[in-house]
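Reading through the structure tokens given below for one structure.
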Amino acid sequence: MNLKKDFPMLNKTIYLDNAASSLTPTPVVKATEEYYKLYRANVHRGLYKEAEKATKEYELAREKVARFINASPEEITFTSGTTASINLLAYSLSKALKEGDEILLSQLEHHSNLVPWQQLAKEKKLILKFIKVKDFQLDMEDFKNALSEKTKIISIAYVSNVLGTIAPVEQIAIEAKKYNPIIVVDAAQAVGHIPIDIKKLNCDFLCFSGHKMLGPTGIGIMYGKKEKLEKISPFLYGGSMIKSVSFSKTEFADLPYKFEAGTPNISGAIGLAAAIDYLTAIGIKNITHTETELTSYALKKLSALHNVELYGLTNAPEQRTSVISFNIKNIHSHDIAHILAGQNIAIRAGHMCAMPLVQEVLKQQAVCRISFSFYNTHRDIDYLITALKKIQNKLK
Amino acid sequence: MSNNTSTTETLNQDWLGDDDIYRENILDHYKNPRNSGKLKKYTQTHKEHNPLCGDEIQIYLLIKKEKISSISFEAKGCAISVASMSLLSEWAKQKSVEEIKKLNPEKMIEMLGIKLGIVRMKCALLGLKTILNALEAENESYNK
């Protein structure tokens, strides 16, 4: 593994926006290229050699994803991403809900794990509740109070894309057991950074995207417990998700195909498998260790700057990932991001697709955010700090 | 590799936004915005905001005989949005309403004298949007 060779962009840019999307290493690009060049065919249909190979690689990708999160292949559905997966769930789970039922989210949620449920609640007259954030973490007392026999769905971000806080999903599942609601986990910010074990988490559904874990864009996963997936109806209908079709009726396919209508993102799945290979070769635990180290260094350096406001846990490295949001007082985050860009330092500024969290809870119009992956270095952070100091001098 | 170089060049060209936009003029208008505050007497007021980044401008206009007799504004936001509004407010003084209505994004960018990419364009044009909507709206007036 040669980082500069595998990630050419690192030669020109200090890339600190991994929470938005990670870089994609050359082996992953090569894997998708190979599909397009050497065995370009549709899956589950043709009987010729290329079709066989395409199908084999696509299903192998499914197996790899399953192993990656300690699940079985029939519990893995390929989608176009986390947002699509959550929308699928909101739609499919809605059939079992009635007026007055409650859905429990948290104040930390990304729009993709908020808006689908919010709109569903409006349409079906459900009650939407939000677990409060206290000291940048989920307030478990508030959670226990919000939980009741009326709670039918709990949907939580495993890792916050603004604060980096890791939610106590296992604890939530244990606590909720007495009422047995459906538990959905938005793992978009967790994959590729911390290990994911759906058996440990004991959630019913878990969603994530490939592009945040070195994979291509346009591919994502919905994991679901077999017995839960069997109970819910599909979201998209059409080819591939059927067993038989007549003019008057249709018999749906078995899992996991039931939720994969139409031609899937074949190259995306193959690329995702290559990304999993790449990550596994390094070892997720090693990645977590590297990123934790970088985060501590960055937090130390940032808090030493004048007029910096940090959002997130600063003294609990095991309870957070490498997503760091901050503001420099009296300087607008957009100006900071813009000037940094001129020096080829890529950070994010704005509301991070989490307007309620940023504007109503943190009470900021916008924030700056840096987020690491294992290929970032101490030097990246040093460059950032030097640049931030210059900006402070210039704009004060 | 020549391919890499041309992509880099394109990246830099498309980006259009190095330190240049933060030159003296812009920084001065950001740190010391002209016509800042609320007019004691105004015939029109209007507020606009850019929800994506939180830039907000409220403009106050005193219009006499179809001319901008006085103008002031309260702005909260990034350097580009504040500086643009400040420059615009200086330009707008004593201009006729008709002249203001003729302003468009191109003329506004020309006035600023800086090159902007798509993303920051919205910041630069917020002031223009605010003043044009202030002139359109049938809105409240305040006379002490």
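Computed values, structure above
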read-out	value
Computed helical MRE - 222 nm, chain A, DSSP H runs ≥ 4 contributing -39500 (n - 2.57), nearest 500	-11500 deg cm²/dmol
Projected label distance in nm at A:E149 and B:E136, using a 7 Å step from Cα toward the beta-carbon	5.5 nm
Net charge of Cβ neighbours under 14 Å - reference A:D139; Lys, Arg +1; Asp, Glu -1	0
Nearest-0.05 FRET efficiency for B:K115 and A:N330, computed from C-beta distance (R0 30 Å)	0.70
Local electrostatic count, A:K53, Cβ distance below 14 Å [Lys/Arg +1, Asp/Glu -1]	0
Segment B:E98-B:E74, length gained on full extension (0.36 nm per residue, minus Cα span)	6.3 nm
Cleavage-rule hits (chymotrypsin sites (Phe, Trp or Tyr not before Pro)) in segment B:31-130: DSSP loop, at most 13 neighbouring Cβ within 10 angstrom	none
Estimated FRET transfer efficiency when R0 is 35 angstrom, pair B:K47-A:T314 (beta carbons, to 0.05)	0.45
Neighbourhood charge, 11 Å Cβ-Cβ cut-off, centred on A:F235 and excluding it, Lys, Arg +1 and Asp, Glu -1	+1
Linear extension gain, A:K124 paired with A:K285, 0.36 nm per residue minus alpha-carbon span	53.7 nm
Given A:K12/A:K394; A:K64/A:K132; A:K30/A:K228; A:K200/A:K249; A:K37/A:K249, the pairs whose alpha carbons are separated by over 29 Å	A:K64/A:K132; A:K30/A:K228; A:K200/A:K249; A:K37/A:K249
Cα-projected label distance for A:R379 with A:E33, points at 7 Å along beta-carbon direction, nm	2.6 nm
Sites matching chymotrypsin sites (Phe, Trp or Tyr not before Pro) across segment A:33-105 that sit in DSSP coil, with at most 15 neighbouring C-beta atoms within 10 Å	A:Y48
5 angstrom amide H check on A:I131, placed H, neighbours 5+ away	A:L105, A:S106, A:Q107
Of the DSSP H helices in chain A, those whose Cα atoms cover at least 20 Å axially and whose Kyte score averages 0.0 or more	A:266-282
Estimated FRET transfer efficiency (A:N2, A:N70; beta-carbon r; R0 30 Å; 0.05)	0.50
Paramagnetic reach from A:D197 (point 7 Å along Cα→Cβ, amide N under 13 Å) across segment A:282-297	A:285
Volume in Å³ per residue [convex hull over Cα atoms, computed for the protein assembly as shown]	195 Å³
Estimated distance in nm for a label pair at A:N180 and A:K134, the labels positioned 7 Å out from Cα along Cα-to-Cβ	3.0 nm
Kirkwood Rh and Cα Rg combined as Rg/Rh, segment A:99-143	1.02
Qualifying trypsin sites (Lys or Arg not before Pro) in segment B:17-104, DSSP loop, other Cβ atoms within 10 Å at most 11	B:R23, B:K65, B:K102
Size of segment A:233-367 as Cα extents on the principal axes (Å, biggest first)	70, 37, 32
Rounded to the nearest 20 debye, dipole of the protein assembly as shown from Cβ charges on Lys, Arg, Asp, Glu	840 debye
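Readers should treat all values here as calculations from the given coordinates under stated rules, not as data from a laboratory. What you are looking at is a predicted structure, and each value in this text was computed from that prediction instead of being measured. When we count neighbours, we look across all protein chains shown, and the Cβ atoms used for this are built from the backbone with ideal geometry, even at glycine.
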